[in-house]
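Remarks on the structure that follows.
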There are 2 protein chains.
Amino acid sequence: MTDELDEDELGAYFGLIAAGDLLQRAVAAQLAEHGMTPLQFTILATLLNSSAGLRMSELADVLVLSRSGLTYQVTQLEKAGLVRRAATSDDERGVLAMLTPMGRDRALEAFPGHVGLVRAKFLDLLQPSEIDTIREALDRVVTALRRSKA
Amino acid sequence: MTDELDEDELGAYFGLIAAGDLLQRAVAAQLAEHGMTPLQFTILATLLNSSAGLRMSELADVLVLSRSGLTYQVTQLEKAGLVRRAATSDDERGVLAMLTPMGRDRALEAFPGHVGLVRAKFLDLLQPSEIDTIREALDRVVTALRRSKA
DNA sequence: AAGACTTGATTCCAATTCGAACTAGTTGTA
DNA sequence: TACAACTAGTTCGAATTGGAATCAAGTCTT
């Protein structure tokens, strides 16, 4: 019995994976219109809340991305003029990533459409009680998975 | 109000993305012990149900993977001796991918652990009613997203 | 204060993925 | 039948990602 999943279980599992993937694809398609990938949007959105900039390491940790991967993306965003690197005052080794004015503009431009898509393709399809259940249940799952990773 | 998401909405959205990602990572870590990636496992598992083999195109479509991506993976699996290619009888252009006996063994070996992980990190953390709600709600989301893609 | 760890970030390399171009076999049509 | 359009699969090139190695700067121990 442990080596099988019944209809409902399989449905919930596939639903989770498929819904997550498809939603991310839809988001990707939409962000492409703004000339950015989901990861790049996430970086910009994160920096939007930190006007003083964020350390590369902090940013990588928040985004659960490898250091080298972040270095690559920040370099891309820098070439595109959306992000700039700055030295940290205290630690000579540190590098701060922060938005350029254009980066801020582009992030703010992309935001409404992103939120609109999430609403249209996800939240608007659910009852408030379902949103509640999903939030609560998946939070439990996320907590468990994060714990077992450390 | 449309350009903001409240706590609950954000929680459900992040939960969906995070739970999906983390679960896939956990699955990946486990399958790595069997020397395969999630995609490779999915390919093997799919072929497990088609003893006569599947056309490359069909397989790519089922897995929502590009043709070239599948070519690459099947080549890898072929090198590993888990899959073999065969000619189709009717269409000279066609190629069938099918499991080797070893491929079948390896897929069957990996299966219980995979199911066990999905249970331990996901299903066992949820009430039956929650599983039901998630399955139903996400199915609606998946349907909507698939429709808007075509 | 010197030498040994540790830490922040980048560089380099291998793996994976997609799309475009390509090859070969099919189908349709005049 | 011959030519055009199409289909199946592969190959090639570009982008992305993670891990190992590397470099520079801090910190700690003695």
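The values are calculated or read from the model by the stated rules, or taken from the named source; none is laboratory data. All figures in this text were calculated on a predicted structure; none of them were measured in a lab. Using ideal geometry, Cβ is built from the backbone for each residue, glycine included, and neighbour counts are taken over all protein chains shown. SASA here: full protein model, heavy atoms, side chains in, ligands and nucleic acids out. Shrake-Rupley method; radii C 1.70, N 1.55, O 1.52, S 1.80 Å.
A few comments on the model shown:
- Springs between Cα atoms under 10 Å define the GNM used for chain B, and in it the highest mean-square fluctuation of B:Asp139, B:Asp105, B:Asp21 occurs at B:Asp139.
- Relative to the longest principal axis of the Cα atoms of chain B, the long axis of helix B:67-79 makes an angle of roughly 60 degrees.
- Here the range A:7-149 has 53 percent of its accessible surface on carbon and sulfur atoms, given a 1.4 Å probe and all protein chains in place.
- Solvent-accessible surface of protein heavy atoms, probed at 1.4 angstrom with all chains present, puts A:His114, A:His34 in the order A:His34, A:His114, largest first.
- Summed buried accessible area for B+A [probe radius 1.4 Å, Å², rounded to 100]: 4800
- Within chain A, the percentage of alpha carbon pairs spaced more than 20 angstrom apart rounds to 60%.
- For the protein assembly as shown, the per residue solvent-accessible surface stands at 53 Å², with DNA, RNA and ligands left out and a 1.4 Å probe.
- With respect to chain A, whose longest principal axis is taken over its alpha-carbon atoms, helix A:101-121 is tilted by about 10°.
- Whole-Å distance, taken between Cα centres, linking the range B:1-59 and the range A:1-60: 12
- Chain B's nearest residue to the axis relating it to A, judged by Cβ and reported with the distance in whole Å, is B:Gly20, 1.
- Computed over chain A with a Gaussian network model linking Cα atoms closer than 10 Å, the most mobile of A:Ala32, A:Ala80, A:Ala12 is A:Ala12.
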